[in-house]
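Here the structure is laid out as structure tokens; the discussion comes afterwards.
The values are calculated or read from the model by the stated rules, or taken from the named source; none is laboratory data. It should be emphasised that the depicted structure is a prediction, and the values quoted were computed from it without experimental measurement. Note that each Cβ is placed from the backbone with ideal geometry, even for glycine, and that neighbours are counted across all protein chains shown.
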Amino acid sequence: MGDGQTFEACGDHGARRDRGRSGAAVVEVERLEPRELWSAVVPNDTAYAQQWNLKGVNAPAAWAKGTGSAAVLVGHVDTGIDYTHPDLYKNVWINQAEIPPALKGKLKDTDGDKRISFWDLNATANKGRVADGNKNGYIDGGDLLAKWKPDGTGGWADGINGKNNPNDKYVDDIVGWDFANNDNNPIDPDGHGTHTAGVIAAEGNNKRGVAGVVWKASLVALKVFGDSPTDGATLTAIAAAIRYAADVGARVANNSYSNGGGSVGDPIYNAVKYANGKGMLTVFAAGNDTADNDRSWLASYPASFDLPNIISVAATDKSGDLAAYTNYGRKSVDIAAPGTSVYSTWRGGTYRTDTGTSMATPHVTGTIALMLSLNPKLTAAQLKSRLLAGADQTAKLVGSSTTGGILNVANAVNGLAGKRVATAAR
Ligand SMILES: [Ca+2]
Ligand SMILES: [Ca+2]
Ligand SMILES: [Ca+2]
Ligand SMILES: [Ca+2]
């Protein structure tokens, strides 16, 4: 800390708003496969009818092809995650390096993805292996973060640093890290991070609440904001979180925050560049200031850094118009996604509607996670170019971004391996 600069979350919840820019797209378009057409999948989540945003990005057609995998790690740099939320707990990452050695050989990988996730821990085959310490009826991050007890009644926090990379300095980082308080508990005291996490990967088709863009994933909970609603996030906390995500193998990280300043070589710039070397995409909110990010004196950062692994996201409303608050930029913003009145998960196991480029950004992150679940071999450049090439260009969005279009999840997964329900020329 003490770097004298703080960042604000890009929701309307106690945070500032952003807008984007537009410019000549330098989109590398690869050969497009014949367009496939799938029948829409309608999940049974009780509040799904309120999720206009998912239909708005053609997610239901993409779900015919796949719905995600816990093998895909998604860095989540925000106010934390309510990892006990009934619609999110299974999709919180478990650091395999921090599984207590005494338990490691006893836990069964029930879905064959070569890792132990909360999906596994809550399966019958692992019943009784972990105590439901917080007594909510399922095994979640709160249970694992409890202190280790040899009799099996505690959690996994044994004070031993299981190494997850050569320079690991994080003890008992079981589900992520709190970079604001420098501890292992990234619980969300705010709600903003729980909201963006739900847009990415709320559990879908579980007869409860909402569905995420992907229904199954491993969200690496990286808390960078302080505990008070007015607290910002420091450059050093954000930079450390981005590096952490890249080091543990996340291929994409969500970043729903922005600041008026940023410079080449600052800690965040260097962290995003480091992530690029590790093949990790960073998806950033364009900002909520109704500003043109192409004009350097108005630009919002980190979204506006000129680095190849950044995707900068503007927000649209229910009518498909560019949202009144969103930043835009013909050259510096890449794509738009729904950001106004998005219903998702909230702290304390609840749900609510929120608005901002913060809410638009996780739609793109969730799409990248879905693409990776279908083909983990895609490079960061391939993921980005496919996603941008699939954008639906509309008259309302001309000039607002490099693509001048809105996210289309089905187009993004077009041509990737997966379960095909129907094919047609379009
Ligand atoms: Ca597994
Ligand atoms: Ca529990
Ligand atoms: Ca560790
Ligand atoms: Ca759900």
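Tabulated values for the structure
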quantity: Whichever residue in the range 210-247 is buried (at least 24 other Cβ atoms within 10 Å of the Cβ) and in a loop (DSSP other than H, G, I, E, B) and, among such residues, is farthest from ligand 4 (Cβ to nearest atom); calculated: 224
quantity: Flag if residue 93 is within 16 Å of ligand 3 (Cβ to nearest atom), within 30 Å of residue 238 (Cβ to Cβ), touching a strand residue (DSSP E or B) at 6+ places or on another chain (Cβ under 6 Å) and of a type outside the set (Asp, Glu); calculated: yes
quantity: Scope the range 268-299; condition modelled with pLDDT of 95 or more, surrounded by 19 or more Cβ atoms within 10 Å (Cβ to Cβ) and either part of a loop (DSSP other than H, G, I, E, B) or more than 20 Å from the chain's Cα centre (by Cα) (or both); matching residues; calculated: 280, 286, 287, 289, 291, 292, 293, 294
quantity: Subset tally (residues that are away from ligand 1 (no atom under 16 Å from the Cβ) and crowded, with 24+ Cβ neighbours inside 10 Å) for the range 192-208; calculated: 11
quantity: Lone qualifier among 187, 139 - being within 16 Å of ligand 1 (Cβ to nearest atom) and at pLDDT 95 or above; calculated: 139
quantity: Qualifying residue in the range 260-267 (condition: part of a helix (DSSP H, G or I) and touching a residue at least 12 places away in the same chain (Cβ under 8 Å)); calculated: yes
quantity: Number of the condition not met by residue 150 [criteria: (1) surrounded by 14 or more Cβ atoms within 10 Å (Cβ to Cβ); (2) of a type outside the set (A, V, I, L, M, F, W, C); (3) closer than 18 Å to residue 99 by Cβ]; calculated: (1)
quantity: Search result, residues across the range 248-261 that are crowded, with 18+ Cβ neighbours inside 10 Å, touching a Leu at 6+ places or on another chain (Cβ under 9 Å) and within 25 Å of residue 231 (Cα to Cα); calculated: 253, 254, 259
quantity: Qualifying residues in the range 38-51 (those that are loosely packed, with under 15 Cβ neighbours inside 10 Å and either touching a residue at least 24 places away in the same chain (Cβ under 8 Å) or aromatic (Phe, Trp, Tyr) (or both)) - the one nearest to ligand 2 (Cβ to nearest atom); calculated: 46
quantity: Verdict on residue 206 being in contact (Cβ under 8 Å) with a residue 40 or more places away in the chain, in a loop (DSSP other than H, G, I, E, B), within 16 Å of ligand 3 (Cβ to nearest atom) and in the same structural domain as residue 63 (by TED's automatic domain parsing); calculated: no
quantity: Flag if residue 131 is within 16 Å of ligand 1 (Cβ to nearest atom) and among the hydrophobic types (A, V, I, L, M, F, W, C); calculated: no
quantity: Sole residue being among the polar types (S, T, N, Q), part of a loop (DSSP other than H, G, I, E, B) and modelled with pLDDT under 95, chosen from 403, 423; calculated: 423
quantity: Cβ pairs under 8 Å, 6+ apart, first in the range 115-142 and away from ligand 2 (no atom under 13 Å from the Cβ), second assigned to a helix (DSSP H, G or I) and polar (S, T, N, Q); calculated: 115/96; 116/96; 120/126
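Conditions (1) aliphatic (A, V, I, L, M); (2) farther than 14 Å from residue 90 by Cα; (3) at pLDDT 95 or above, marked per residue:
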{"position": "202", "(1), (2), (3)": "yes, no, yes"}
{"position": "220", "(1), (2), (3)": "yes, no, yes"}
{"position": "226", "(1), (2), (3)": "no, yes, yes"}
{"position": "231", "(1), (2), (3)": "no, yes, no"}
{"position": "250", "(1), (2), (3)": "yes, yes, yes"}
{"position": "253", "(1), (2), (3)": "yes, yes, yes"}
{"position": "259", "(1), (2), (3)": "no, yes, no"}
